[in-house]
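S.K.: Would you mind keeping the following structure in view while I ask a few things?
The values are calculated or read from the model by the stated rules, or taken from the named source; none is laboratory data. All of these numbers come straight from a predicted model, not from anything done at the bench. Please note: Cβ atoms are built from the backbone with ideal geometry, for glycine as well, and neighbour counts cover all protein chains shown.
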Amino acid sequence: MEHPAYTMAAACILGGVAGYVRKRSVPSLFGGLTVGIMYGAGAYLMHQNQDYGVHLALSASILLTAASAPRALKLRAPVPLFLTALGLLTTSYYGKKYYDFYV
């Protein structure tokens, strides 16, 4: 269950760094690191069978979707569209896991 969160952590951190290197975008760096750290912490907690791992991964997914969707709708560029799709996919995945375990 933690593997998608580890993958998203790496993808968000690498994407944030790439955005900063390519265009000197500090918001990309900050956003990528923040969301990536949230995913990484959630994955670690899930791997250790501790509380709040699913909560943290779900929160990171919602944050990723909320941050990328307006830009995707405005620009119709591939990167924001892909980030929004990933955010929606992981939101549904961790939303289902949350529902299965806590509701």
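S.K.: From the list SER92, SER61, which one is on the phi < 0 side of the Ramachandran plot, loosely packed, with under 14 Cβ neighbours inside 10 Å and modelled with pLDDT of 95 or more?
M.R.: Only one candidate passes the filter, namely SER92.
S.K.: Looking at ALA60, ALA85, which one is within 15 Å of ALA11 (Cα to Cα) and touching a residue at least 40 places away in the same chain (Cβ under 8 Å)?
M.R.: ALA60
S.K.: Please determine whether any residue of segment 62-77 is among the hydrophobic types (A, V, I, L, M, F, W, C), in a loop (DSSP other than H, G, I, E, B) and more than 26 Å from PHE101 (Cβ to Cβ).
M.R.: Looking through segment 62-77, at least one residue is among the hydrophobic types (A, V, I, L, M, F, W, C), in a loop (DSSP other than H, G, I, E, B) and more than 26 Å from PHE101 (Cβ to Cβ).
S.K.: Continuing with this model, one more query. Residue check: is GLY42 surrounded by 14 or more Cβ atoms within 10 Å (Cβ to Cβ) and in contact with a His (Cβ under 9 Å, 6 or more places away or on another chain)?
M.R.: The answer is yes for GLY42.
S.K.: Mind listing just one residue for me: the one in segment 7-39 that is hydroxyl-bearing (Ser, Thr, Tyr) and in contact with a Ser or Thr (Cβ under 9 Å, 6 or more places away or on another chain) and, of those, surrounded by the fewest Cβ atoms within 10 Å (Cβ to Cβ)? Talk me through it step by step, then tell me what you get.
M.R.: Restricting attention to segment 7-39, the residues satisfying the condition of being hydroxyl-bearing (Ser, Thr, Tyr) are 7, 20, 25, 28, 34, 39.
Keeping just the survivors that are in contact with a Ser or Thr (Cβ under 9 Å, 6 or more places away or on another chain) gives 20, 39.
Working: TYR20: 17, TYR39: 30.
Filtering segment 7-39 for residues that are hydroxyl-bearing (Ser, Thr, Tyr) and in contact with a Ser or Thr (Cβ under 9 Å, 6 or more places away or on another chain), the one surrounded by the fewest Cβ atoms within 10 Å (Cβ to Cβ) comes out as TYR20.
S.K.: Looking for something of a type outside the set (A, V, I, L, M), modelled with pLDDT under 95, in a helix (DSSP H, G or I) and in contact with a Gly (Cβ under 8 Å, 6 or more places away or on another chain) - is there at least one such residue anywhere in segment 47-55?
M.R.: no
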